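Here's the structure, in C-alpha coordinates; my notes come after.
The values are calculated or read from the model by the stated rules, or taken from the named source; none is laboratory data. It should be emphasised that the depicted structure is a prediction, and the values quoted were computed from it without experimental measurement. Keep in mind that these areas ignore ligands, DNA and RNA; they rest on the heavy atoms of the full protein, side chains included. Shrake-Rupley method; radii C 1.70, N 1.55, O 1.52, S 1.80 Å.
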Amino acid sequence: MTTPGEKTAVDWLVSAAPDPGACRRAWERDPLGVAPLPAGRLWDVLVLPGELGQATLDVLGPLAGRPGPVLADFGASRLGFFVPPGTASHWVGTGVRGVGRGAWIVLPYPGRATGGVRWAVLPDGEGTLTDPVLLELAMHEAAARAAVGEAQNP
(Lines give C-alpha, C1' and ligand atoms only; values in the text may rest on other atoms or scores of the structure.)
Protein backbone atom coordinates (compact mmCIF):
# COMPACT_ATOMS: atom_id res chain seq x y z
CA MET A 1 0.00 0.00 0.00
CA THR A 2 1.35 3.43 -0.89
CA THR A 3 0.57 6.74 0.74
CA PRO A 4 -0.26 9.86 -1.31
CA GLY A 5 3.25 11.23 -0.63
CA GLU A 6 4.83 8.04 -1.91
CA LYS A 7 2.67 8.19 -5.05
CA THR A 8 3.77 11.71 -5.91
CA ALA A 9 7.39 10.73 -5.19
CA VAL A 10 7.02 7.77 -7.56
CA ASP A 11 5.43 9.94 -10.23
CA TRP A 12 8.27 12.45 -9.98
CA LEU A 13 10.99 9.80 -10.05
CA VAL A 14 9.59 7.90 -13.04
CA SER A 15 9.20 11.15 -14.98
CA ALA A 16 13.00 11.01 -15.36
CA ALA A 17 12.82 7.59 -17.04
CA PRO A 18 12.89 7.25 -20.83
CA ASP A 19 9.97 4.82 -20.38
CA PRO A 20 8.07 5.53 -17.14
CA GLY A 21 5.92 2.41 -17.51
CA ALA A 22 9.00 0.20 -17.80
CA CYS A 23 10.41 1.83 -14.67
CA ARG A 24 7.22 1.11 -12.72
CA ARG A 25 7.25 -2.50 -13.94
CA ALA A 26 10.91 -2.86 -12.94
CA TRP A 27 10.06 -1.73 -9.41
CA GLU A 28 7.20 -4.21 -9.26
CA ARG A 29 9.15 -7.15 -10.66
CA ASP A 30 12.62 -6.65 -9.21
CA PRO A 31 13.02 -8.86 -6.12
CA LEU A 32 15.21 -6.17 -4.55
CA GLY A 33 12.65 -3.43 -5.20
CA VAL A 34 15.01 -1.21 -7.17
CA ALA A 35 15.04 0.27 -10.67
CA PRO A 36 17.73 2.14 -12.62
CA LEU A 37 17.00 5.76 -13.52
CA PRO A 38 19.12 8.21 -15.50
CA ALA A 39 20.88 11.03 -13.70
CA GLY A 40 21.28 14.40 -15.37
CA ARG A 41 17.68 14.84 -16.48
CA LEU A 42 15.86 15.98 -13.33
CA TRP A 43 18.73 15.66 -10.89
CA ASP A 44 22.37 14.84 -10.36
CA VAL A 45 23.58 12.98 -7.29
CA LEU A 46 26.62 13.85 -5.20
CA VAL A 47 27.80 10.79 -3.29
CA LEU A 48 29.63 11.41 -0.01
CA PRO A 49 31.43 8.91 2.19
CA GLY A 50 29.20 7.68 5.02
CA GLU A 51 30.51 9.53 8.07
CA LEU A 52 30.84 12.84 6.23
CA GLY A 53 27.51 12.24 4.48
CA GLN A 54 25.60 11.61 7.70
CA ALA A 55 27.23 14.54 9.47
CA THR A 56 26.45 16.73 6.45
CA LEU A 57 22.81 15.64 6.51
CA ASP A 58 22.65 16.47 10.24
CA VAL A 59 23.96 19.98 9.54
CA LEU A 60 21.91 20.46 6.38
CA GLY A 61 18.52 19.95 8.03
CA PRO A 62 18.55 23.19 10.04
CA LEU A 63 20.11 25.11 7.11
CA ALA A 64 17.76 23.94 4.38
CA GLY A 65 14.58 23.12 6.25
CA ARG A 66 13.85 20.08 4.13
CA PRO A 67 16.69 18.96 1.89
CA GLY A 68 16.11 17.21 -1.39
CA PRO A 69 16.12 13.43 -1.58
CA VAL A 70 19.03 11.59 0.02
CA LEU A 71 19.88 8.01 -0.84
CA ALA A 72 21.85 5.77 1.52
CA ASP A 73 23.19 2.27 1.32
CA PHE A 74 22.27 -0.04 4.18
CA GLY A 75 25.80 -0.07 5.53
CA ALA A 76 25.69 3.75 5.61
CA SER A 77 29.04 3.77 3.85
CA ARG A 78 27.72 6.32 1.31
CA LEU A 79 24.98 8.94 1.08
CA GLY A 80 23.80 10.44 -2.20
CA PHE A 81 22.36 13.96 -2.20
CA PHE A 82 20.06 14.88 -5.10
CA VAL A 83 21.10 18.25 -6.53
CA PRO A 84 20.15 20.20 -9.68
CA PRO A 85 21.19 18.75 -13.06
CA GLY A 86 24.64 19.85 -14.16
CA THR A 87 26.02 20.10 -10.62
CA ALA A 88 28.05 16.87 -10.87
CA SER A 89 30.01 18.07 -13.89
CA HIS A 90 31.11 21.23 -12.06
CA TRP A 91 31.67 19.82 -8.58
CA VAL A 92 35.21 19.70 -7.29
CA GLY A 93 35.61 17.97 -3.97
CA THR A 94 37.91 15.34 -2.58
CA GLY A 95 36.11 12.10 -1.85
CA VAL A 96 32.84 13.25 -3.43
CA ARG A 97 31.65 11.34 -6.50
CA GLY A 98 29.32 13.04 -8.95
CA VAL A 99 26.65 11.12 -10.84
CA GLY A 100 25.30 13.17 -13.72
CA ARG A 101 24.35 13.13 -17.39
CA GLY A 102 25.12 9.81 -19.04
CA ALA A 103 25.07 7.85 -15.78
CA TRP A 104 22.34 5.76 -14.23
CA ILE A 105 21.59 5.24 -10.56
CA VAL A 106 19.70 2.41 -8.90
CA LEU A 107 16.84 3.76 -6.82
CA PRO A 108 14.50 2.02 -4.40
CA TYR A 109 10.75 2.41 -4.63
CA PRO A 110 9.78 5.20 -2.19
CA GLY A 111 8.45 3.89 1.10
CA ARG A 112 9.44 0.25 0.60
CA ALA A 113 12.26 -1.68 2.21
CA THR A 114 14.72 -2.81 -0.44
CA GLY A 115 17.94 -4.70 -0.73
CA GLY A 116 21.04 -2.57 -0.65
CA VAL A 117 19.76 1.02 -0.77
CA ARG A 118 17.20 3.07 1.12
CA TRP A 119 15.90 6.61 1.24
CA ALA A 120 17.40 8.64 4.10
CA VAL A 121 15.18 11.51 2.89
CA LEU A 122 12.29 10.58 0.59
CA PRO A 123 11.59 12.64 -2.52
CA ASP A 124 8.71 15.01 -1.84
CA GLY A 125 7.21 14.54 -5.31
CA GLU A 126 7.51 18.26 -6.04
CA GLY A 127 11.06 18.14 -7.35
CA THR A 128 12.75 19.66 -4.30
CA LEU A 129 16.51 19.26 -4.63
CA THR A 130 19.33 20.18 -2.29
CA ASP A 131 20.91 23.54 -3.07
CA PRO A 132 24.57 22.78 -3.90
CA VAL A 133 25.76 25.93 -2.10
CA LEU A 134 24.00 24.87 1.10
CA LEU A 135 25.32 21.34 0.65
CA GLU A 136 28.88 22.63 0.38
CA LEU A 137 28.43 24.82 3.47
CA ALA A 138 27.01 21.86 5.39
CA MET A 139 29.93 19.67 4.28
CA HIS A 140 32.45 22.25 5.49
CA GLU A 141 30.64 22.60 8.81
CA ALA A 142 30.44 18.83 9.24
CA ALA A 143 34.16 18.45 8.46
CA ALA A 144 35.03 21.28 10.88
CA ARG A 145 32.98 19.67 13.65
CA ALA A 146 34.71 16.34 13.03
CA ALA A 147 38.13 18.02 13.15
CA VAL A 148 37.30 19.72 16.46
CA GLY A 149 36.05 16.42 17.85
CA GLU A 150 39.24 14.64 16.78
CA ALA A 151 41.38 17.40 18.29
CA GLN A 152 39.54 17.12 21.61
CA ASN A 153 39.75 13.31 21.64
CA PRO A 154 43.19 12.41 20.26
Mean shadow area (nm²) of the C-alpha convex hull around the chain is 9.4 nm²
Mean accessible surface per residue for the stretch 1-119, computed with a 1.4 Å probe while every protein chain stays in place, in Å² | 49 Å²
Cα long-axis angle, helix 50-64 against the chain (0 to 90 degrees, to the nearest 10) | 90 degrees
Mean separation of Cα pairs under 8 Å and 6+ residues apart, divided by the residue count of the stretch 87-150: what relative contact order is that in percent?
-> 18 percent
Dividing the convex hull volume of the alpha carbon atoms of the stretch 36-102 by its residue count, what do you get in Å³ per residue?
-> 93 Å³
How many percent of all Cα-Cα pairs in the stretch 83-130 sit more than 16 Å apart?
-> 54 percent
With Cα atoms, 0 to 90° folded angle of helix 20-29 axis to the chain main axis = 80 degrees
Carbon/sulfur accessible area of the chain, % of total, 1.4 Å probe, equals 57 percent
Nearest 10 degrees, 0 to 90: what angle lies between the long axis of helix 4-14 and the longest principal axis of the chain (Cα atoms)?
-> 90 degrees
